[in-house]
Amino acid sequence: MADQFKNTITIEDAARISGPAAFNIMLKPAGSLCNLDCHYCYYLDKADINGGHEPRMSLDMLETVVREYIAANEVPEVTFNWHGGEPLVLGLDFYKKAVELQRKYADGKVVHNTLQTNGTLLDRDWTEFFRKNEFLLGISIDGPQDIHDRYRRDRGGFPTFDKVMRGINLLRTGGVEFNTMSTVNKASEGRGLEVYQFLRYVGSGYIQFMPVLEHVKYPLKDGKPVKGSRPYIVDPSAQGATIAPWSVSDIGFGKFLVQIFDFWVRNDVGRVFVNQFDAALASWCNVQPGTCVYARTCGGNAVIEHNGDLYPCDHFVYSGRSLGNIASRSIAEMMQSEAQVRFGIDKRNTLPVKCRRCEWLFACNGECPKHRFNTTEKGETGLNALCAGYRLFYSHIAPYMDRMRDLLLAHEAPAAIMPWARLRK
C-alpha cells in the first residue's frame with residue numbers, strides 16, 4: 001500500500017504557496033572561487049559544473065540579479081546574502097556597484113546586506129565600506145588556532161588563523177557588526193566548550209555551528225587513489241562515495257552541543273546566541289525556527305550562481321538540479337515553480353516512519369536533507385546520519401527548554417533560567 005504521507009499538502013504549505021512571495025537567495029557572485037583550500041569545502045569543486053571556468057559575475061548580470069531579486073520579494077524588506085567561495089575576491093568596486101543598484105531598484109523597500117567571508121582579505125577600505133553601508137558580516141572561524149588550522153588552509157597549504165584574527169580585529173576596531181560561523185568537524189570533537197569560549201573571546205555574540213558531514217571520491221589512476229590528490233566532495237548517492245575523514249561523528253556532534261549548552265544555560269542566556277539553541281527554543285514554543293535546517297519544510301533559501309543559474313539550495317548545487325537561469329526565467333517564476341515547491345515539501349514528506357514517530361521530530365524535523373543518507377533498522381532510506389547525536393542533545397536540553405518556554409509564557413525573559421540551572425547537577 002502506498003504511503004500517502006509522501007504526497008501530503010498541508011494548510012501551512014498552501015498558505016505559503018499562495019501568499020506573498022518571500023524568500024532568501026544566497027548570492028554567489030564569485031561562485032566557488034576562493035583564496036583558501038579548506039579540506040571540507042563542498043563548494044570548491046562546483047567549478048566543474050561550469051566546465052572549469054573561473055566564476056565571476058558580470059556587472060550586467062549583477063544588475064539583473066539585483067533588480068529581479070528585489071522585485072520578486074513581495075515584502076517590505078529584502079536581504080542580500082553574499083556568499084562564496086570567497087566573495088571578497090571580486091574586489092570592493094563590485095560591492096559598491098551592488099549597493100548603487102540596490103538603491104536604484106529598491107522601489108521603497110528596505111534593503112539589507114549580509115556577507116560571509118573567511119576574513120583573510122579584509123583591510124581598512126573594506127571595513128569602512130561595510131560600516132558605512134551597514135553590512136552584517138559572518139566570519140568563518142572554527143575555533144582556537146590548532147582546530148582552525150587543521151582543515152582551513154590556503155592554496156599554498158599554509159595556516160590561516162592569524163590572517164582571520166587580523167580581519168576580526170579590523171572589524172572590531174572599525175565598528176562593523178559581525179557574527180561567526182564555525183564548522184564542527186573531526187578536530188572539534190570533545191572540545192565544544194573550548195571552541196565556544198574562544199568564540200566569546202573574539203567578540204561573537206551570535207554563534208553558528210555547522211556540522212561537517214561530507215562524502216568524497218578520490219581521483220583514480222589505474223584503479224587506485226592518486227597519492228596526495230585532493231578528493232572531490234560529491235553527492236552521497238554518487239557511486240563509490242565514502243564518508244570524508246574530517247567528518248564529525250553523530251555522537252561527537254551531540255556531545256559537542258551538550259558541552260556548550262551546559263555552560264551557556266548557566267551563564268550566557270540572553271547574552272550569546274547559538275543557532276541550535278535558538279532553533280530548539282523556537283520549536284519548544286511551537287514557533288517556526290529561524291533557520292531552514294530545523295524547519296518542517298524548506299525551499300525558501302535558494303542560490304544564484306555567478307552566471308545566473310538558480311539552484312534550490314546551497315547544498316544541492318549539482319548537475320541536473322538547476323531550476324533555470326534568470327536570463328530566460330524570472331526569479332519569481334523559478335521560486336514558485338513546481339520543482340522548487342516540491343523540493344521544499346519533500347523535506348517533510350520523505351521522512352521515514354521512524355522519524356515521524358520520534359519524540360523529537362518537532363525540534364529536529366529531520367534536520368537538513370543533505371544529511372539524510374542513512375537507513376533505518378527496517379530498511380527505510382532517508383534517516384539523518386546525525387540522528388543519534390541529535391537525540392542525545394534534545395533529551396539533555398529538554399528540562400531546560402521546558403523551563404524557558406514556561407518563562408516566556410509567563411512573560412519573563414528566558415535569561416531568568418540561569419539561577420535555576422546553576423542549582424541543577
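The values are calculated or read from the model by the stated rules, or taken from the named source; none is laboratory data. All values reported here derive from a predicted model rather than from experimental measurement. Backbone-built Cβ (ideal geometry, glycine too); neighbour counts: all protein chains shown. Ligands, DNA and RNA are excluded from the accessible area calculation, which covers all protein heavy atoms including side chains. Shrake-Rupley method; radii C 1.70, N 1.55, O 1.52, S 1.80 Å.
Checked against a 19 Å cut-off, the cross-linked pairs K163/K217; K96/K163; K132/K163; K46/K217; K28/K96 give Cα-Cα distances beyond that limit for K163/K217; K96/K163; K132/K163. Solvent-accessible surface of the chain, averaged per residue with a 1.4 angstrom probe and all protein chains in place: 46 square angstrom.
How large is Rg over Rh for the stretch 194-314, taking Rg from the Cα atoms and Rh as the Kirkwood inverse mean of 1/r across Cα pairs?
Working: Rg = 18.7 Å, Rh = 17.7 Å.
Result: Rg/Rh = 1.06.
With the simple spin-label model, which puts each label point 7 Å out from Cα in the Cβ direction, the D154 to K97 separation comes to 2.7 nm.
Out of the total accessible area of the stretch 231-289 (probe 1.4 Å, heavy atoms of protein only), what percent is carbon and sulfur? Don't jump to the answer; show the numbers that get you there.
Details: 1270 of 2310 Å².
That fraction is 55 percent.
For P369, the shell of other residues with beta-carbons less than 13 Å away shows a net charge of +3, using +1 for Lys and Arg and -1 for Asp and Glu. Taking 4.7 Å between beta carbons as the limit, the unpaired Cys residues of the chain are C34, C285, C313, C355, C358, C364, C368, C387.
How do the peptides 73-80, 346-353 rank, highest first, by the average count of neighbouring beta carbon atoms within 10 Å per residue? Please report the intermediate quantities before stating the final value.
Values: 73-80: 15.5, 346-353: 19.2.
Per-residue mean Cβ counts within 10 Å order the peptides as 346-353, 73-80.
Helical content alone sets the calculated 222 nm signal of the chain at -11500 deg cm²/dmol, taking -39,500 (n - 2.57) per DSSP H segment of four or more residues and averaging over every residue.
Once backbone amide H atoms are built at 1.01 Å from N, N374 has G382, L383, A385 as its partners under 5 Å, excluding neighbours fewer than 5 places away on the same chain.
Between Q145 and R422, what FRET efficiency comes out of the Förster formula 1/(1 + (r/R0)^6) with R0 = 30 Å and r the beta carbon distance, rounded to 0.05?
Working: r = 31 Å, r/R0 = 1.04.
The calculated FRET efficiency here is 0.45.
Report the gain in length on full extension from D402 to D125: 0.36 nm times residue separation, minus Cα-Cα distance, nm rounded to one decimal.
Numbers: separation 277, 0.36 × 277 = 99.72 nm, distance 4.70 nm.
Between D402 and D125, full extension yields an extra 95.0 nm.
Taking amide H atoms as placed 1.01 Å from N in the peptide plane, the amide H of H215 lies under 5 Å from those of V234, A244, each 5 or more residues away in sequence or on another chain.
Multiplying the sequence separation of H411 and H112 by 0.36 nm and subtracting their Cα-Cα distance, what value in nm do you get? Display every interim value, and only then the final one.
On the way: separation 299, 0.36 × 299 = 107.64 nm, distance 3.05 nm.
Taking 0.36 nm per residue and subtracting the Cα distance, the gain is 104.6 nm.
Shown here: the stretch 122-275, whose C-alpha atoms stretch 55, 40, 26 Å along the first, second and third principal axes, sorted largest to smallest.
Taking every lysine pair in the stretch 278-425 that is 8 or more places apart or spans two chains, those with Cα atoms closer than 28 Å amount to 5. If r is the Cβ-Cβ distance from S319 to N267 and R0 is 45 Å, what FRET efficiency results, to the nearest 0.05? E between S319 and N267, to the nearest 0.05, is 0.45.
Name the shape class, rounded, prolate or oblate, that the alpha-carbon gyration tensor gives for the stretch 241-304, where a ≥ b ≥ c are the square roots of its eigenvalues, rounded holds for a/c under 1.5, and otherwise prolate holds if a/b is larger than b/c and oblate otherwise. Let's see the in-between values first.
On the way: a/c = 2.24, a/b = 1.10, b/c = 2.04.
Taking the square roots of the gyration eigenvalues as a ≥ b ≥ c, the stretch 241-304 is oblate.
What Kirkwood hydrodynamic radius, in Å, does the chain give when the mean of 1/r is taken over all pairs of distinct Cα atoms and then inverted? Can you show the working numbers first?
Values: mean 1/r = 0.0439 Å⁻¹.
Answer for the chain: a Kirkwood hydrodynamic radius of 22.8 Å.
The H on the amide N of G308, modeled in the peptide plane, is under 5 Å from the matching H of no residue at least 5 residues off or on a different chain. Please report the antiparallel percentage of the DSSP beta bridges confined to the chain, to the nearest 5. Looking only at bridges with both residues in the chain, the antiparallel portion is about 35 percent. Under the combined filter of DSSP loop state and at most 13 neighbouring Cβ atoms within 10 Å, the stretch 313-364 retains these GluC sites (Glu not before Pro): E359. Between T375 and I243, residue separation times 0.36 nm minus the direct Cα-Cα distance comes to 46.0 nm.
Karplus-derived 3J(HN,Hα) values for the stretch 380-385, using 6.51 cos²θ - 1.76 cosθ + 1.60 with θ = phi - 60°, are 6, 7, x, 7, 5, 5 Hz; glycine and proline are entered as x.
Could you give the DSSP H helices of the chain that reach 18 angstrom or more along their long axis (alpha carbon positions) and whose average Kyte-Doolittle hydropathy is no lower than 0.5? List each step's numbers first, then the result.
Numbers: long enough: 59-72 (19 Å, 0.64); 92-105 (20 Å, -0.92); 161-174 (20 Å, -0.03); 250-267 (26 Å, 0.46); 387-409 (30 Å, 0.09).
Result, helices passing both filters: 59-72.
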